[in-house]
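Contents: one structure, followed by commentary.
The values are calculated or read from the model by the stated rules, or taken from the named source; none is laboratory data. All of these numbers come straight from a predicted model, not from anything done at the bench. Cβ placement follows ideal geometry from the backbone for every residue including glycine, while neighbour counts extend to all protein chains displayed. For the accessible areas, the whole protein counts, side chains as well, though only heavy atoms, and no ligand, DNA or RNA atoms are used. Shrake-Rupley method; radii C 1.70, N 1.55, O 1.52, S 1.80 Å.
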Amino acid sequence: MELAPLLKLAEELGAATAKYEEFVEEEFKAPIYHVAELLLVYYRRTSERFEKAFKKMLDSLSDSKAAVVAAHAAYYRRSNIVASPLAGFIHRLAARGEASVAIVDYVDDYYHILYRLADRVARGETPEVAGFQVLDPAGLLYWRSTHHSIAQLAAIHGAEFYVYASKHSREGHRRLLAMLLGQEPEEGGSFHTVYVSHPITRVRARAIREGKPLDRYPDALEIEEFKRTLEDSCPNLVVFSPTTVDELITDPGTGRLKTRIKREDRWPHGENGLHEYPYPVDLRDRLFDLHLYPVDDTTGNQGYMSYLQTQIEASIERRDLSYVAQADMIIAYRPTMYGETHMGVETEIKTAVAMAKPVYSVIPPDERSIAYRLFRFEYPLRSIDELLNVLRCSRR
């Protein structure tokens, strides 16, 4: 995720900001991609200088009541994923109670991350950062998963932890930051977090079967309109949406992962976020072959792509259940869409109930044909207006 827009938003909320890696670079008088390699050579001695950079950063923020710091929890160098010493420093800071600490693991689609990395190298912003440093889609997924685990570990004692996708709306990013900075919603009170669970796979399958672009498919647009109305009508809600990371994009003829992703392949996402997302992204393009990974051995190889697909499926499961775990409540929107149940929605509902979280199900009358009687511990509602009434929000 490009961090500049996020830090600008934090500054608009009155928070001081810093980039930790800039302090590390100043301490070593070297670019971060070289410093990260030194962790492979002698981790303990290198981490001592990382700690000096951390203390200098804290000193620079000492006059501020609140601060937002951008940093990596792990680096990827020479095909190694190496933990940043920062995780240990944050852990100690939180455990001692010296400051109120919250950690957000920001995530994005792997193909747009790869595109930005390759484009940055091509433009000389990170000269010679690639070379023999192969970073393929699977390697990126390992890096992202490890980053998530290390960030969670840093937050295990005394710190809050959230996963948040960069394709959420700018307003969503603003609310999450405001909540973590201890601020109140515009209309007073306190913020609450909500995860919206809804059918995805069968909506996508219908769009493909009907030969229609997913980003303009009526059912997908209707679900997104529901989420938009919920966010617009409830200023105190921070909404988590599963489709803000949309990576399992397959060819309708073969069922295999696509290597060329067009906007019409994607679940609809608005233009009101923090970033722009170019399309198409072709993972077999010469850009990647030159700067990140050998195309013939990776995205041009059918066996590799089949393996990559299993890794993407696993990352979806982990991320969506993380959303459930960090939410105060769950809203299952049209869980019986098309007159059938949906495995992902059912799993998320059962997980939320097991965690003793309130679950609201919005089920239009014509989709209530499936009898729910036993072991259904959710609050059934017929429309978004009923939901907004229960949540004490008003349609805007």
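For this structure, a couple of remarks:
- The residues on offer are Ala151, Ala138, and the sole one that is touching a strand residue (DSSP E or B) at 6+ places or on another chain (Cβ under 9 Å) and in a helix (DSSP H, G or I) is Ala151.
Condition check ((1) in a loop (DSSP other than H, G, I, E, B); (2) within 29 Å of Gly189 (Cα to Cα); (3) in contact with a strand residue (DSSP E or B) (Cβ under 9 Å, 6 or more places away or on another chain)) across all residues:
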site: Ala332; (1), (2), (3): no, yes, yes
site: Thr341; (1), (2), (3): yes, no, no
site: Ala352; (1), (2), (3): no, yes, yes
site: Tyr360; (1), (2), (3): no, yes, yes
site: Pro380; (1), (2), (3): no, yes, yes
site: Cys393; (1), (2), (3): yes, yes, yes
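- The condition of being at positive phi, among the hydroxyl-bearing types (Ser, Thr, Tyr), open to solvent by 40 Å² or more (accessible area, probe 1.4 Å) and more than 19 Å from the chain's Cα centre (by Cα) holds for only one of Ser79, Ser64, that being Ser79.
- Annotation: of all residues in segment 314-346 being in contact (Cβ under 8 Å) with a residue 12 or more places away in the chain and among the small types (Gly, Ala, Ser), the one that is farthest from Tyr164 (Cα to Cα) is Gly339.
- Criterion applied to Leu40, Leu9, Leu58, Leu13 was being open to solvent by 50 Å² or more (accessible area, probe 1.4 Å) and either under 30 Å from Val295 (Cα atoms) or in contact (Cβ under 8 Å) with a residue 12 or more places away in the chain (or both), and the one residue passing it is Leu40.
- Count - residues of segment 298-320 that are open to solvent by less than 60 Å² (accessible area, probe 1.4 Å), modelled with pLDDT of 95 or more and among the hydroxyl-bearing types (Ser, Thr, Tyr): 4
- Candidate set: segment 195-214, residues that are closer than 17 Å to Asp251 by Cβ and charged (D, E, K, R); chosen: the one surrounded by the most Cβ atoms within 10 Å (Cβ to Cβ): Arg204
- Selection from segment 347-371 of residues that are under 17 Å from Ile223 (Cα atoms), free of Cβ contacts under 8 Å to residues at least 40 places away in the same chain and open to solvent by less than 40 Å² (accessible area, probe 1.4 Å): Tyr360, Ser361, Ile363, Pro364, Glu367
- For segment 272-294, filtered to residues that are touching a helix residue (DSSP H, G or I) at 6+ places or on another chain (Cβ under 7 Å) and among the charged types (D, E, K, R), the residue that is surrounded by the fewest Cβ atoms within 10 Å (Cβ to Cβ) is Arg284.
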